[in-house]
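Here's the structure we're looking at; comments come further down.
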Amino acid sequence: MAQPLVVKKDDDLDEEEYYSPFLGIEKGAVLQEARVFHDPQLDARRCCQVITKLLYLLNQGDTFTKVEATEVFFATTKLFQSKDAGLRRMVYLMIKELSPSADEVIIVTSSLMKDMNSKTDMYRANAIRVLCRIIDSTLLTQIERYLKQAIVDKNPVVASAALVSGIYLLQTSPEVVKRWSNEVQEAVQSRAALVQFHALALLHQIRQNDRLAVSKLVTSLTRGSVRSPLAQCLLIRYTSQVIRESGVNQGGDRPFFDFLESCLRNKAEMVILEAARAITELNGVTSRELTPAITVLQLFLSSSKPVLRFAAVRTLNKVASTHPLAVTNCNIDMESLISDQNRSIATLAITTLLKTGNESSVDRLMKQMTNFMSDIADEFKIVVVEAIRSLCLKFPLKYRSLMNFLSNILREEGGFEYKKAIVDSIIILIRDIPDAKESGLFHLCEFIEDCEFTYLSTQILHFLGNEGPKTSDPSKYIRYIYNRVILENATVRASAVSTLAKFGALVDSLKVRDRATLYLKLLGGEATVGETKDVNEFLFGSLDVPLVNLETSLRNYEPSDAPFDISSVPKETKSQPLAEKKSTGKKPTGPASAVSGPVSTVDASYEKLLSSIPEFADFGKLFKSSTPVELTEAETEYSVNVVKHIYDGHVVLQYNCTNTIPEQLLEQVVVFVDASEADEFLEVASKPLESLPYDSPGQTFVAFEKPEGVIATGKFSNILKFIVKEVDPSTGEAEDDGVEDEYQLEDLEIVSADYMLKVGVSNFRNAWESMDPESERVDEYGLGVREGLAEAVSAVIGILGMQPCEGTDAVPSNSRSHTCLLSGVFIGNVKVLVRLSFGITSSKEVAMKLAVRSDDPEISDKIHEIVANG
């Protein structure tokens, strides 16, 4: 027998387990088990289990061959000899599902007819339902008398079974069923709710092709003879149908409208909702007719039952599309539903508010929706986006806030249909609201920078080609289009080229035409750029400097006879030197915590500051300056952070100090550095800070010599030493005498990553292939147990200090493998590229394959040494 499946309940605090008894059951094995039907001493419980499995197979789509079905059918008929009530009900189900052929039906008919006349009501009801499902019209005439008697039976279960069977037989033998009209009419007056419901349904189906008969039926029943809530709901639907077919669209002349209105005061909630929905869906419904329906729906909005809130808000949502003013009175109640735990209710509430809101409420609704969108599924988000689009077209002056909202959610996670709905909405708003064109196009351009859907990228580029040249400043879109030419797949590149061609044809833009002319000349072999002879190298070679640094250098370049030197452009993203910032305690806590931000490069202010100090003038060219590292806790008397300046043979530590005590003046400020745990460093110079007044940052320096070409690392202990003088608060003058004091700072480490510049490449694959394969070094490493691949990737990037390329530092959740691409420049201006391949086992053991290429094979070996020692 197949083993049961153990399934954990998602929200069960007790972590109980439940079992699926049907996992892995096979048809052949179940058919073998069906042999128990032939046992002389029937085991009712076991027979029920086997029938359950057979029914499961049939409902899962398994088919039985003719022989198999016949054998199971005949075996099942033998179970009629059992008197067990539960088994008898399973037998009925099995016979109904097997749908025996005409020659097989005869065998079981006598047993079913015997049960149909049994004194046990349960047998009678089930036998009727099974017989009516398996017999043909010939046998039906033989049992018609019994069925007519069953319709008016005193037992509601038997009567309902006969009526439901009549509904089924109406499809195959309508003439026979129509002869039961008198009995069915009598059943409509039954006091049993289900009997009345089924009788009304059957009676309407019998008369549905006769409009006059249906109208008479509705007329007779709307006088109050129907008491069952289910039957009343049916009657409301039939009444609505009669009203629609009458062709009267004015409220005062509508037939039966008073009946619908009276149902709004019914005791049953389902009847009230059905009546309200029927009124709101009437053709040409007026505000006066809607008022009572809207009133009861508003009451249901504050119901404690989620189903009533959902039904009410869904109906109001539909009404708001055609009669928004009629729903305005419900806005306050619906605003409270935005935070409803049922997200379907919340979605309907917000979309209804968007339809009924006025211009002054738009901004308030946008604020409420900011957190709302992250809690709902994509299909609900699409509904909200469409509602926002309609609202923006309704109030075009509010396009800025609505367009910004669409732009923000466009950059969030979501599937294709959701993103397509947003893009389509923005395009429609751009076309219909002229003032929204500039901002809308800019939002679309930002989106295609990270768009993962080819269809959407091509759609946006096509639209941009038609609308972009018509704007006041078409040139600002060129960069986004050009990036698609060089970074995307073939389909998107083709669209981008076509879009550029449209700009070139429609816009008098030197940028577009000059670039097109240059590329055409290059591809035709008619021109070269500088010393570059290879067209592919120029078009696809990596740019070694960040664009933002290149832009800054070009802006600062003063025209002269000397050409612009691209080698003078810093190779890392700049950060503001904290020497000019006040360390006011608003910094990360904890020992030696690094200030957040990108790693700094050779900042001009740092280079100028260091070159002005004679002790450091002969150290050569500055390679790198780190981000400031905090050496003090927050909210302490003195705030100190340090910047590590890296040279080929030296390291200069710049200590940025701030005195946070108003009543003190510090003089002869110096940092005593203990390098006993950094054997390869030798202190060669120190420059103290003469005076450090309150809240005025200053710097003191300590320089170390290290072997050139060696990745020297180590830990440095730091003690801030100074002379403290008291300051008179009234005059601001310090006392003549002072006291020597010292302050313990956190330790500082110089690590391997300090010798690496973070320099990205625009096309990693081309940059990798352009490097000498002989410089490649490959090895594999075990990284031990980790929480996930994201932790491992982050750790290795931190050890190497390199720049992740093409977004490969982001690891998808629950990923079992990942590839990360890194680039950088090692001290000595050696370009380095790294390809990391990670894998994680079920026991969370992480393995890594490291491949390195560089301009110097020795540096490739050193990268492996860094990882091995890290």
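The values are calculated or read from the model by the stated rules, or taken from the named source; none is laboratory data. Predicted, not measured: the structure shown is a model, and the values here were computed from it. Note that each Cβ is placed from the backbone with ideal geometry, even for glycine, and that neighbours are counted across all protein chains shown. Please note that ligands, DNA and RNA were not included when accessible areas were found on the heavy atoms of the full protein model with its side chains. Shrake-Rupley method; radii C 1.70, N 1.55, O 1.52, S 1.80 Å.
Tell me, which residue of the range 348-377 that is open to solvent by 10 Å² or more (accessible area, probe 1.4 Å) and part of a loop (DSSP other than H, G, I, E, B) is modelled with the lowest pLDDT?
Here the residue is N358.
Can you pull out every residue in the range 794-825 that is touching a residue at least 60 places away in the same chain (Cβ under 8 Å) and open to solvent by less than 30 Å² (accessible area, probe 1.4 Å)?
Result: V796, L800, G801, S823, G824, V825.
Can you list residue pairs whose Cβ atoms sit under 8 Å apart, with the first residue in the range 392-408 being among the basic types (K, R) and the second being open to solvent by 20 Å² or more (accessible area, probe 1.4 Å)? Count only pairs 6 or more apart in sequence or on different chains.
K398/E359; K398/D363; R400/S439
Pull out all pairs, ordered by first then second residue, where Cβ-Cβ is under 6 Å, the residues are six or more apart or on different chains, the first lies in the range 361-390 and is over 23 Å from I427 (Cβ atoms), and the second is open to solvent by less than 10 Å² (accessible area, probe 1.4 Å) and not aromatic (F, W, Y).
I376/T347
In the range 275-296, which residues are charged (D, E, K, R) and open to solvent by 20 Å² or more (accessible area, probe 1.4 Å)?
Hits for the range 275-296 are R277, E281, R288.
Scan the range 667-725 for residues that are β-branched (V, I, T) and in contact with a strand residue (DSSP E or B) (Cβ under 6 Å, 6 or more places away or on another chain) and jot them down.
V669, V670, V671, V673, V684, T700, V702, T713, I719, I723, V724
Can you report the number of residues in the range 658-669 which are surrounded by fewer than 19 Cβ atoms within 10 Å (Cβ to Cβ) and assigned to a strand (DSSP E or B)?
2
Could you list, in sequence order, the residues of the range 412-425 that are farther than 11 Å from G440 by Cα and surrounded by 15 or more Cβ atoms within 10 Å (Cβ to Cβ)?
G414, Y418, K419, K420, A421, I422, D424
Taking the range 99-128 as the search range and keeping residues that are more than 22 Å from K66 (Cβ to Cβ) and acidic (D, E), which one is nearest to the chain's Cα centre (by Cα)?
Applying the filter and picking the extreme gives D121.
Determine if the range 451-466 includes at least one residue that is at pLDDT 80 or above, open to solvent by 60 Å² or more (accessible area, probe 1.4 Å) and assigned to a loop (DSSP other than H, G, I, E, B).
Checked the range 451-466: at least one residue is at pLDDT 80 or above, open to solvent by 60 Å² or more (accessible area, probe 1.4 Å) and assigned to a loop (DSSP other than H, G, I, E, B).
Scanning for something at pLDDT below 90 and within 28 Å of the chain's Cα centre (by Cα), does the range 821-831 turn up at least one residue?
no
Sort out which residues of the range 828-850 are in a strand (DSSP E or B), closer than 25 Å to F623 by Cα and in contact (Cβ under 8 Å) with a residue 60 or more places away in the chain, and write them in order of number.
Within the range 828-850, K831, V832, L833, R835 meet the criteria.
Can you pull out the residues in the range 259-302 that are polar (S, T, N, Q) and either part of a helix (DSSP H, G or I) or closer than 24 Å to I350 by Cα (or both)?
S262, T280, S287, T291, T295, Q298, S302
In the range 830-870, how many are out of contact with any Lys or Arg (no Cβ under 7 Å at 6 or more places or on another chain), farther than 17 Å from G801 by Cβ and polar (S, T, N, Q)?
3
Among the candidates E780, E858, E787, which residue alone is out of contact with any Leu (no Cβ under 7 Å at 6 or more places or on another chain), part of a helix (DSSP H, G or I) and open to solvent by 70 Å² or more (accessible area, probe 1.4 Å)?
E858
Pick out the one residue from S639, S625 that is crowded, with 17+ Cβ neighbours inside 10 Å, at pLDDT 85 or above, of a type in the set (G, A, S) and touching a Pro at 6+ places or on another chain (Cβ under 8 Å).
One residue alone meets the criteria, S625.
Any idea which of V218, V195 is under 17 Å from D258 (Cα atoms) and of a type in the set (A, V, I, L, M)?
The match here is V218.
Of the residues L57, L93, which is at pLDDT 85 or above, within 46 Å of the chain's Cα centre (by Cα) and open to solvent by 40 Å² or more (accessible area, probe 1.4 Å)?
When all the criteria are applied, what remains is L93.
Which condition does M403 not pass, out of (1) part of a helix (DSSP H, G or I); (2) within 22 Å of E806 (Cα to Cα); (3) at pLDDT below 85, if it passes all the others?
The single condition M403 does not satisfy is (2).
Quick grid of which residues meet (1) modelled with pLDDT under 90; (2) open to solvent by less than 30 Å² (accessible area, probe 1.4 Å):
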{"residue": "V599", "(1), (2)": "yes, no"}
{"residue": "L610", "(1), (2)": "yes, yes"}
{"residue": "K621", "(1), (2)": "yes, no"}
{"residue": "L653", "(1), (2)": "no, yes"}
{"residue": "N656", "(1), (2)": "no, yes"}
{"residue": "F672", "(1), (2)": "no, no"}
{"residue": "E680", "(1), (2)": "yes, no"}
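Among the residues of the range 673-705, which ones are of a type in the set (D, E, K, R), over 51 Å from the mean Cα position of the chain (by Cα) and in a strand (DSSP E or B)?
Correct list: D674, E683, K687, E690, E705.
If I filter the range 702-722 down to residues being in contact with a Leu (Cβ under 7 Å, 6 or more places away or on another chain) and open to solvent by less than 50 Å² (accessible area, probe 1.4 Å), which single residue comes out as farthest from T636 (Cα to Cα)?
Here the answer is F704.
Among I345, I338, which is the only one that is at pLDDT below 85, open to solvent by less than 30 Å² (accessible area, probe 1.4 Å) and farther than 21 Å from F257 by Cβ?
From the options I345, I338, the qualifying one is I338.
Can you pull out every residue in the range 319-330 that is buried (at least 17 other Cβ atoms within 10 Å of the Cβ) and in a helix (DSSP H, G or I)?
V319, A320, A326, V327, C330
Can you find, within the range 124-143, the residue that is surrounded by the fewest Cβ atoms within 10 Å (Cβ to Cβ) among those that are at pLDDT 85 or above and of a type outside the set (A, V, I, L, M, F, W, C)?
R129
Whether any residue in the range 410-429 is touching a Ser or Thr at 6+ places or on another chain (Cβ under 7 Å) and on the phi < 0 side of the Ramachandran plot is what I want to check.
Checked the range 410-429: no residue is touching a Ser or Thr at 6+ places or on another chain (Cβ under 7 Å) and on the phi < 0 side of the Ramachandran plot.
Of the residues that make up the range 726-739, is at least one assigned to a strand (DSSP E or B) and open to solvent by 60 Å² or more (accessible area, probe 1.4 Å)?
Taking every residue of the range 726-739 in turn, at least one turns out to be assigned to a strand (DSSP E or B) and open to solvent by 60 Å² or more (accessible area, probe 1.4 Å).
Which of the residues that make up the range 468-487 are assigned to a loop (DSSP other than H, G, I, E, B), of a type outside the set (D, E) and open to solvent by 30 Å² or more (accessible area, probe 1.4 Å)?
The one that is assigned to a loop (DSSP other than H, G, I, E, B), of a type outside the set (D, E) and open to solvent by 30 Å² or more (accessible area, probe 1.4 Å): S472.
Does any residue of the range 23-35 turn out to be β-branched (V, I, T) and either in contact with a Ser or Thr (Cβ under 6 Å, 6 or more places away or on another chain) or closer than 25 Å to Y168 by Cβ (or both)?
Looking for residues that are β-branched (V, I, T) and either in contact with a Ser or Thr (Cβ under 6 Å, 6 or more places away or on another chain) or closer than 25 Å to Y168 by Cβ (or both), one finds none in the range 23-35, hence no.
Any residue in the range 143-168 that's over 15 Å from S118 (Cβ atoms): show its pairings with residues that are buried (at least 24 other Cβ atoms within 10 Å of the Cβ) and of a type in the set (D, E, K, R) at Cβ separation under 8 Å, as long as the two are six or more apart or on different chains.
none
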